[in-house]
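Enquirer: Got a structure for you, questions after.
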Amino acid sequence: MIEHYSSRRGLLRATGTAALSAVAIGILGDAPALARAAGKEPGVAANAGDIDILNVALGLEHEAIEAYQIGAESDLLQKPVLDLALLFQGQHKGHRDALAGTIGQLGGKAVQPKSRADYMTSLNIAAIKTQADILRLAQAHELGAANAYIGVMPSLGGKALAQVCAKIAADEAAHWSLLTSALGEALPKPAFMFG
Amino acid sequence: MRWALETAAAVWLAVAATAMAMAPSGDPARGAKLYAANCGSCHSLDANRVGPAHRGVYGRKAGTARGYAYSPAMRGARIVWNEATLDRFLQNPQAMVPGTRMGFRLTDPARRADVIAYLRQQSR
């Protein structure tokens, strides 16, 4: 799956196809508002709340991208951990682009990232002193993100959008697993590690 | 008429008390872990992030965390966060406050109770 989405274009193509099926009515009717109204038919298309949910998800992706950037610039990450962080950051950029594109297709306005200063404060970057600190921040973020995507799926108006979220959640889960391994921590024994 | 009203009130109170007694009692220690894993990507106790800061949320009027840009729906919601309102919101936010940006659902009642117990503990 990771290999399949190793190129940003590939991810965009895949998620774009799913999203397009969700907003096809609105696009074909040349009236983005139709994409919202189409949510009246469960499982077929998007509803008004989808834009808000996707924008929350986009906010998460903005935060992850900046957190990995701060980590990469910190001089605390050593190879191959640095390479891993940049790989994950690239995949978060893919998620960002797919989400922003879908929000636009739904007739919404994609949220913009906050300032570096805002992220430094809200993520308590001042407390980070070691590579392990960065890995733990990333690990916590990826776990929360995977659970967040799973948690919003029942609220989405269309199955195609839920599938997009499932694909992103799988990426986040893979990130969490590799970060957990990099920290030398064991995986949980119970089933249903996420959600 | 008065007798009927008093009887209805007594029945309502009995039902409410039974419902509260049957509701799962939350464990704040479990809630802390669940909060980190499920809420922590958007929320922190002391910082506004994708979602508002949560310290003090229990007992607070909805849409009033300082410095957070709420949706019009949440700003206009006439809700005070307590066990009942948080439980209902976490179960399906957009059903309770149509127009809220939060779509995340915590579907398991026991998990919701744990998270609410944690938020209550952190709001004291």
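The values are calculated or read from the model by the stated rules, or taken from the named source; none is laboratory data. This is a predicted model, so every value here is computed, not measured. With ideal geometry, Cβ positions are generated from the backbone for all residues, glycine too; neighbour counts draw on all protein chains shown.
Enquirer: Which one of these does A:GLN78 not meet: (1) in a helix (DSSP H, G or I); (2) more than 13 Å from the chain's Cα centre (by Cα); (3) touching a residue at least 40 places away in the same chain (Cβ under 8 Å)?
Expert: Among (1) in a helix (DSSP H, G or I); (2) more than 13 Å from the chain's Cα centre (by Cα); (3) touching a residue at least 40 places away in the same chain (Cβ under 8 Å), the lone unmet condition for A:GLN78 is (1).
Enquirer: A further question on this structure: Consider B:TYR58 carefully, then state whether it is closer than 19 Å to A:ASN147 by Cβ and either in contact (Cβ under 8 Å) with a residue 24 or more places away in the chain or within 13 Å of the chain's Cα centre (by Cα) (or both).
Expert: Numbers: closer than 19 Å to A:ASN147 by Cβ: no; either in contact (Cβ under 8 Å) with a residue 24 or more places away in the chain or within 13 Å of the chain's Cα centre (by Cα) (or both): yes.
No; evaluated as a whole, the condition is false for this residue.
Enquirer: Name the residue that is surrounded by the fewest Cβ atoms within 10 Å (Cβ to Cβ), counting only residues in region A:174-189 that are without any contact (Cβ under 8 Å) to a residue 12 or more places away in the chain and assigned to a helix (DSSP H, G or I).
Expert: Among those residues, the one meeting the criterion is A:SER181.
Enquirer: Now a separate question. Restricting the search to region B:82-92, which residues are within 12 Å of chain A (Cβ to nearest Cβ), assigned to a helix (DSSP H, G or I) and surrounded by fewer than 22 Cβ atoms within 10 Å (Cβ to Cβ)?
Expert: Correct list: B:GLN91 only.
Enquirer: Continuing with this model, one more query. Spot the failing condition for B:ALA47; the list is (1) free of Cβ contacts under 8 Å to residues at least 12 places away in the same chain; (2) in contact with a Gly (Cβ under 9 Å, 6 or more places away or on another chain), and only one is missed.
Expert: (2)
Enquirer: Could you pull out the residue among A:MET153, A:MET193 that is assigned to a loop (DSSP other than H, G, I, E, B), within 10 Å of another protein chain (Cβ to nearest Cβ) and of a type in the set (A, V, I, L, M)?
Expert: Numbers: A:MET153 fails: assigned to a loop (DSSP other than H, G, I, E, B).
Only one candidate qualifies: A:MET193.
Enquirer: Select from region A:62-75 the residues that are in contact (Cβ under 8 Å) with a residue 24 or more places away in the chain and among the acidic types (Asp, Glu) and write down the one among them that is surrounded by the most Cβ atoms within 10 Å (Cβ to Cβ).
Expert: Among residues in region A:62-75 that are in contact (Cβ under 8 Å) with a residue 24 or more places away in the chain and among the acidic types (Asp, Glu), the one surrounded by the most Cβ atoms within 10 Å (Cβ to Cβ) is A:GLU63.
Enquirer: When residues of region B:27-37 are filtered for being more than 17 Å from B:ARG55 (Cβ to Cβ) and either facing chain A (nearest Cβ under 7 Å) or part of a loop (DSSP other than H, G, I, E, B) (or both), how many remain?
Expert: The total comes to 2.
Enquirer: Now, a different point. Taking the condition of being farther than 15 Å from B:CYS39 by Cβ and assigned to a loop (DSSP other than H, G, I, E, B), how many residues in region B:101-124 meet it? Give the steps one after another, and end with the answer.
Expert: So the first thing to find is which residues in region B:101-124 are farther than 15 Å from B:CYS39 by Cβ, and the list is B:109-110, B:124.
Checking the rest, the ones that are also assigned to a loop (DSSP other than H, G, I, E, B) come to B:124.
Selection size over region B:101-124: 1.
For (1) within 26 Å of A:ILE51 (Cβ to Cβ); (2) within 14 Å of chain B (Cβ to nearest Cβ); (3) modelled with pLDDT of 95 or more; (4) in a helix (DSSP H, G or I), each residue gets a yes or a no:
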{"position": "A:ALA85", "(1), (2), (3), (4)": "no, no, yes, yes"}
{"position": "A:HIS92", "(1), (2), (3), (4)": "yes, yes, yes, yes"}
{"position": "A:ASP97", "(1), (2), (3), (4)": "yes, no, yes, yes"}
{"position": "A:ALA100", "(1), (2), (3), (4)": "yes, no, yes, yes"}
{"position": "A:GLN112", "(1), (2), (3), (4)": "yes, yes, yes, no"}
{"position": "A:ALA117", "(1), (2), (3), (4)": "no, yes, yes, yes"}
{"position": "A:LEU143", "(1), (2), (3), (4)": "yes, yes, yes, yes"}
{"position": "A:TYR149", "(1), (2), (3), (4)": "yes, yes, yes, yes"}
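Enquirer: Residues of region A:156-172 being part of a loop (DSSP other than H, G, I, E, B) and among the acidic types (Asp, Glu), which ones?
Expert: So the first thing to find is which residues in region A:156-172 are part of a loop (DSSP other than H, G, I, E, B), and the list is A:156-157.
The answer is none; no residue qualifies.
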